[in-house]
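The block underneath contains the structure these notes are about, expressed in structure tokens.
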Amino acid sequence: MDELRSQGPASEPGLPLDRRAELSEFLRTRRARLKPEDVGLPDFGRHRRVPGLRREELAQLAGVSVAYYTRLEQGNGRNVSAEVLDAIARALRLTGAEHAHLTHLAKPKQHKKKQTARPQQVRVALRQLIDTFDSVPAYVVGRRSDILVWNRMAAAVFGDWSELPPQERNWARMVFLKPEYRELFVEWDQKASDIVSLLRMDAGCHPDDPRLSALVGELSVKSEEFRRLWATHDVKEKSHGVKRLHHPLVGELSLHFESFRLVDDEEQSLLTYHAEPGSASAEALRLLASWGTDATRAGATSPQ
């Protein structure tokens with residue numbers, strides 16, 4: 001099928017992300033969101049020059065010296081132990097995704113540049129499996145939110161990505177740079193936030209990825225909304241949920257999504273979408289399935 005492609009996007013190399021700066025800003029922003037009463041500390045009403053906990057308060061909660069924590073927040077995570085990171089994560093009330101991100105920033109794994117830059121390939125059997133989903137939109141997303149393969153139903157719902165150049169088959173580029181996707185997602189703000197959070201996690205795992213750096217740089221220049229969200233340093237993962245769409249041919253769609261991270265390649269995830277049986281959204285998906293490629297040719301996912 002034309003929809004099923006395995007060639008990953010390419011872009012001009014960019015400068016590596018500064019891991020020390022990323023660590024520093026992540027800790028600072030996590031500390032700023034907490035108040036003393038949030039963590040059981042007394043608040044004597046003293047004037048605070050900056051929002052959130054002070055460094056000495058966070059160090060007290062984590063059981064480390066103020067000097068040690070200060071060095072860590074300044075980006076010096078050299079030789080920090082897993083036990084100390086666990087204590088800081090508990091003190092900051094980090095989620096599982098945030099804890100993992102902190103660990104990646106403070107104790108980065110050594111990745112060979114060739115490994116980071118290698119083309120993203122999807123197993124043939126998985127591509128064949130996706131193709132059998134006659135009524136279920138499905139696709140595989142990889143590093144940098146690149147869309148690697150997809151089926152006919154995904155094209156009918158989200159757009160015929162085969163018509164895009166390989167480097168534009170990327171959720172971040174589409175959500176922030178293509179107006180039709182702002183119209184497609186009813187909760188566009190939430191979709192945009194989710195995408196940036198995933199890119200943040202990717203940056204923590206692969207700070208030396210030049211294509212990721214180039215993508216972040218491009219979006220920072222072209223989208224004020226991306227710049228604002230990127231500055232929050234928020235990270236989160238969603239394995240399931242509901243997406244509400246405004247489809248130009250069938251109208252409102254409410255679809256449950258499931259995300260499955262591949263065991264043999266944790267940088268790839270399979271996403272599937274389905275509607276509640278008997279619902280108006282289920283009937284709309286049935287119509288799209290019966291129209292097939294005609295729906296895409298009619299402009300089903302390219303609103304003007």
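No value in this document is a laboratory result; all are computed from the given coordinates. None of the values given here were measured: they were computed from a predicted structure. Please note: Cβ atoms are built from the backbone with ideal geometry, for glycine as well, and neighbour counts cover all protein chains shown.
Based only on other Cβ atoms within 10 Å, what is the fewest-to-most ordering of His247, His256, His240? List each step's numbers first, then the result.
Details: His247 21, His256 14, His240 11.
Ascending number of Cβ neighbours within 10 Å: His240, His256, His247.
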field: Residue exposure sequence - Glu225, Glu56 - by fewest surrounding Cβ within 10 Å
entry: Glu56, Glu225
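For a quick check: sort Asp208, Asp18 by the number of other beta carbons within 10 angstrom, fewest at the front.
Details: Asp208 17, Asp18 13.
The fewest-first ordering by Cβ neighbours comes to Asp18, Asp208.
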query: Where does the range 140-199 land on Rg/Rh, using Cα atoms and the Kirkwood Rh?
result: 0.93
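So for the range 124-297, averaging the separation of alpha carbon pairs under 8 Å that are six or more residues apart and normalising by length, what relative contact order in percent results?
Numbers: 251 pairs, mean separation 43.3, N = 174.
Averaging sequence separation for qualifying contacts and normalising by length gives 25 percent for the range 124-297.
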- prompt: For the residue pair Leu41 and Lys238, what label-to-label distance in nm results when each label sits 7 Å from Cα along the Cα-to-beta-carbon direction?
  reply: 3.3
Net charge dipole size for the range 19-106 [Lys, Arg +1 and Asp, Glu -1 on Cβ; Debye, nearest 20]: 320
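Taking the Cα centre of the range 124-297 as origin, sum charge times position over the Cβ atoms of Lys and Arg (+1) and Asp and Glu (-1), and report the length of that vector in debye to the nearest 20. Show your work: numbers first, answer last.
On the way: 21 positive and 28 negative charges, 50 e Å.
Once rounded to the nearest 20, the dipole reads 240 debye.
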- request: Just name one of His246, Phe158, Gly217: the one whose Cα is farthest towards the positive end of the charge dipole of the range 124-297 (beta-carbon charges, Lys/Arg +1, Asp/Glu -1).
  value: Gly217
